[in-house]
Structure formats: C-alpha cells, structure tokens
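Report on the following structure.
The values are calculated or read from the model by the stated rules, or taken from the named source; none is laboratory data. Keep in mind the model is a prediction, meaning the values are calculated, not measured. Note that each Cβ is placed from the backbone with ideal geometry, even for glycine, and that neighbours are counted across all protein chains shown. Quick note on the areas: whole protein, heavy atoms, side chains included, nothing else; ligands and nucleic acids left out. Shrake-Rupley method; radii C 1.70, N 1.55, O 1.52, S 1.80 Å.
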Amino acid sequence: MDKGRAYNFSAGPAVLPVPVLEQARDELLDYHGSGMSIMEQSHRGKDYDAVHYEAMENIRLLLELPEAYTVLFLQGGATAQFAMVPLNLLPPGRTADYTDSGSWAAKAIKEARVVGDVHIAADTHEDRPTRVPGVEDLHLSRNPAYLHITTNETISGAQWHAFPEVDTPLVADMSSDILSRPFDPGPFGLIYAGAQKNLGPAGVTLVIVRKEFLERVPGTVPLYLRYRTHAEADSLYNTPPTFSVYLVCLVTRWLRAQGGLTAIEEANRIKADLLYAAIDQTGFYTGTADPAHRSRMNVTFRLPTEALEAQFVSEAEAGGLKGLKGHRSVGGLRASIYNAFPAAGVEALVGFMADFERKNG
Ligand code: PMP
C-alpha cells in the first residue's frame, strides 16, 4: 500500500492512479511555469487547450476510434445522457429499444419514456443471480432508432462480455467499464460514460458519437442539449469542467503508458479472477451475479447473514480496505476494482476474506 493510502473499493467516485494524483499535486500551484494552477486558467488559453485536445486524442487512440466518431466532453453526468440520448436520437414517430438489465438501465428507460416511445427489448432486471440479457433474450421492435444497453450494471455486478449483434445502432452507457477492455466501436452509434470510475474525477462526461447521428436532432431540442452544438465547438461551447478534463488527460496518458486497453484488460481479468476464486472457494461467500455475466469491475457478493456483512465491512475498513459496503438498494458487499485499483489491494482483500472466514465461518 502506498504510504497514507487506503485500498479504496468505492464504486465511484473511485480510486485514481497514484502517479496521476502525484503529478496533479506537483502541478497544482504552478502549471508548467504559468504561475497558476490549470484550473485557474482560461479555457481558451494555450495551456488548457493542449490538455483538452490531448485528452480527446488519448481517448481516440486508446479506443482506436475511426474518423466517423466525435469525442465530446459534456457535463451533468451519465444521468444527463439518459435525457440527451433520446432527445437527440429518438425522433417523433420512432421507437427506441432498451434492455432493462438493472437499476441503471431502468433509470435510462424512465427518462427516455419522458421523451418518446420506448420498447423493452429484454428484461433481466429482477433475475437472480443477477445477469444481463443474452442474444436469445432480445426481442427488438420493428426498425428501432437504436438499441440501448448498459454495458456494466454497477450495482448488481453484471456485465456484458459480448455485445449484441443486431441490425440497429447500439447506444451504450459505459459509465462503469469504459476503457477497461478493447472492443470494436463499429456497431455503436453513441457511447457515454460519467468520468468518476475509470476516467478521472466527477464533473465531466465522455460522449462518443457517430458524426452522422449529429444531424438527427429535432429542431425543438434546445441548442445546449444538442450534441451537434458541442461537436461544432469542440466541447468548448461553454466553460468545460477544466480540472476534471485535465485529470482525464493524465489518466488516459497513464493508461497509454500501461500498454493501452489490451494490457489493462489483462490486468483487470487477473484481479477479477483472483477475487471470484476466493468467493467460490468454500461456500461461505456467495457471488450475486450469474458466473457467465460476472463483472470485472464491480464484484458483488454476500455473507451468510447481514450481521456478518456489517462486521466484515467494519473490520475491513479498520484494516484499510475501504468502501466494500454494497449499494444501499441491494445490500451485501461490493468490491469495485476499476483500472486504477492495484492488484495488491485485491490480494489484501483475498487475504482478509480467508482470515475473516477462519474466525467466523
Ligand atoms: N450509469 C451507470 C452504469 C452508473 O454506474 C452510474 C453512476 N454510478 C450512472 C449511470 C449515473 O452516473 P452520474 O452520477 O454520473 O450521473
């Protein structure tokens, strides 16, 4: 453990890479000889300009995005995207298909229904063990405007490991697994993610959109809520969250230095496999997600009683393993092990779990 650092299993805002925090600290008072912090500078100045475009370019390089896509930095979190997506991409008279895979998908659906016609193409929300839909569960409407999926359900700990191959553009909420693995962007019309899990701190939302989709927006949508407005202004239509974008720049630089998404995926797989193996070992711990859909980002599990779960959380916390309590809506335990979460922290948790079981099992 780095000196003074806890192992932070929080689901988000979440752990950031230590070298990123150190660099931000070193540059805090005097950014590159300017005599001021990057967050004290104009968003139209040359220092911020370099940060802004590098962050976009890093994302483009990491995801190997073709020219057909635009990268945007917006505000309002993934929650604002629940509204902006149908406002821009679901014209009157059309239907949008959504998969209901859990709490986050349901929130996206609720907002889309305010805007237009929604068809539920698959519903695994109440399935236990938790899971996301498979291809066999999908029943699309006729000619939908898009199919929305939530690639990783942060609360239930279920993740899509292969994306559906359908005849309609995919729109994805990737808030909790963006940049955790390589994938083919081709089938996606739009991807969005709040930054505070795998990209940086809260305050900025990444949107990746196919350029041709920018034209779909109905004329009744306010200018600020149109993707086109932000695309035409390179995400500088109004003041962006400059310090958040600066940290996204450092995090994506760090990801590239780690070897990009192939290397990060492998590191994530090793961490998740280690933890799931510990959960499966004796039956004292029970994973809550279907093994075929287990998330490599949010590992959810239970103990035999709620009293033991509370004891587990408080003893873990005392040992520097923080943020393990499950989401308040479902209880249990959740270990969020995003890109920046160190392997040593997973090893420490696995050791703690064995010890806890020995004493209480
Ligand atoms: N979608 C998913 C999958 C999430 O995990 C979250 C936040 N935990 C959200 C959407 C909402 O994000 P925000 O708080 O940035 O609006």
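Net length available on complete extension from Glu136 to Phe163 is 8.5 nm, with 0.36 nm assigned per residue and the Cα-Cα distance removed. Using θ = phi - 60° in the Karplus curve 6.51 cos²θ - 1.76 cosθ + 1.60, the 3J(HN,Hα) couplings for the range 117-133 round to 7, 10, 10, 7, 7, 6, 9, 10, 3, 9, 5, 10, x, 5, 7, 9, x Hz; x is entered for Gly and Pro. Kindly identify the range 75-193 as rounded, prolate or oblate by the Cα gyration tensor criterion: order the square roots of the eigenvalues as a ≥ b ≥ c, call it rounded if a/c is under 1.5, otherwise compare a/b with b/c, prolate if a/b is larger, else oblate. Since a/c stays below 1.5, the shape of the range 75-193 is classed as rounded.
Taking only protein heavy atoms and a 1.4 Å probe, the accessible area of the chain is 52% carbon and sulfur.
Taking all protein chains together and a 1.4 Å probe, the residues Ser176, Ser141 rank Ser141, Ser176 from largest to smallest accessible area. Straight-line cross-link partners of Lys271 among the lysines, defined as a Cα under 24 Å from its Cα and at least 8 positions apart when in the same chain: Lys3, Lys197, Lys322, Lys325.
Of the residues Gly320, Ile264, Ile337, the one whose Cα sits farthest towards the positive end of the charge dipole of the range 245-356 is Ile264 (charges of +1 on Lys and Arg Cβ, -1 on Asp and Glu Cβ, taken about the Cα centre).
For the chain, the percent of C-alpha pairs falling in each 10 Å distance bin, counted from 0 to the bin holding the largest distance, reads 5, 24, 31, 25, 12, 3, 0. Once backbone amide H atoms are built at 1.01 Å from N, Asn298 has Ile337 as its partners under 5 Å, excluding neighbours fewer than 5 places away on the same chain.
Extension gain, Leu61-Ala233: 0.36 nm per intervening residue step, less the Cα-Cα distance, totals 59.8 nm. What the chain shows is 43 Å² of accessible area per residue, with the surface traced by a 1.4 Å probe over protein heavy atoms. Using equal-weight Cα scatterers in the Debye expression, the normalised intensity of the range 260-360 in log10 at q = 0.10, 0.15, 0.22 Å⁻¹ is -0.25, -0.56, -1.24. Contact order for the chain, expressed relative to its length and based on alpha carbon pairs under 8 Å spaced 6+ residues apart, stands at 23 percent. Computed extension length for Thr305-Leu28: 95.1 nm, one decimal, from 0.36 nm per residue of separation with the Cα-Cα distance subtracted. Phi-derived couplings, Karplus 6.51 cos²θ - 1.76 cosθ + 1.60 at θ = phi - 60°, listed residue by residue for the range 31-36: 7, 6, x, 7, x, 8 Hz, with x used for Gly and Pro. Taking the chain as a Gaussian network of alpha-carbon nodes connected by springs under 10 Å, the highest mean-square fluctuation of the residues Glu136, Glu265, Glu212 belongs to Glu136. Within the range 232-267, find all residues whose amide N lies under 19 Å from a label point positioned 7 Å from the Cα of Lys211 along Cα-to-beta-carbon. Answer for this model: 232-237.
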